[in-house]
Amino acid sequence: GVQRHSCHLLAHLALSSKRHVSTPSSKQRGEDVKGPAEAIPLIIRSMQTHLEAADIQRQGCCAIETLAASDQSDEQAALADAGAITAVVEAMRAHPADAAVQERGCGALCHLAAHGKHRGLVASKDALEMIFKAMRSHVCVAGVQMK
């Protein structure tokens, strides 16, 4: 419902230029999101609240992957501070058979690890184990193998 649509909109926000946006769930709470860095806590909260919903985890991992690939230092800091690594690991752990969650999760973790200050966090949060599990479980999914 609302959370799935909000995560979808936030993923699109991450993919597009920085602009002011209101999501259905943020309107209910009186929140407006002015850019990707401000969207990160909302993405993480949706992922944590709806861990059982694979579609929310897919969209959340997609948004985190896109933001992690950004060269914006405020977005990088916001990802680490909000617990993006743990959220991605938990999404991958909760949906091991969902190739899209695994692909986006691997991409997010790889992009996060590419930034020196996050490398240690990725290694310490069971992320490497989840990446290896995804690669073993989804050997025919090119996106998982290539991330």
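Read the figures in this text as sums done on the coordinates, not as results from a lab. A quick note: this is a predicted structure, and the numbers were derived from the prediction, not measured. Reconstructed Cβ throughout: ideal geometry from the backbone, glycine too, with neighbour counts over all protein chains shown.
Figures for the structure shown
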| quantity | calculated |
| --- | --- |
| Percent RCO, i.e. relative contact order, over the stretch 35-136, from Cα pairs under 8 Å lying at least 6 residues apart | 28 percent |
| Charge dipole (debye, nearest 20) of the stretch 35-147; +1 at Cβ of Lys and Arg, -1 at Cβ of Asp and Glu | 360 debye |
| Simple spin-label estimate for residue 135 and residue 71 in nanometres, 7 Å along Cα-Cβ | 2.8 nm |
| Order by protection proxy (mean Cβ within 10 Å, highest first), peptides 44-50, 81-87 | 81-87, 44-50 |
| Reduced Cα scattering model of the stretch 35-136, Debye log10 I(q)/I(0), q = 0.11 Å⁻¹ | -0.26 |
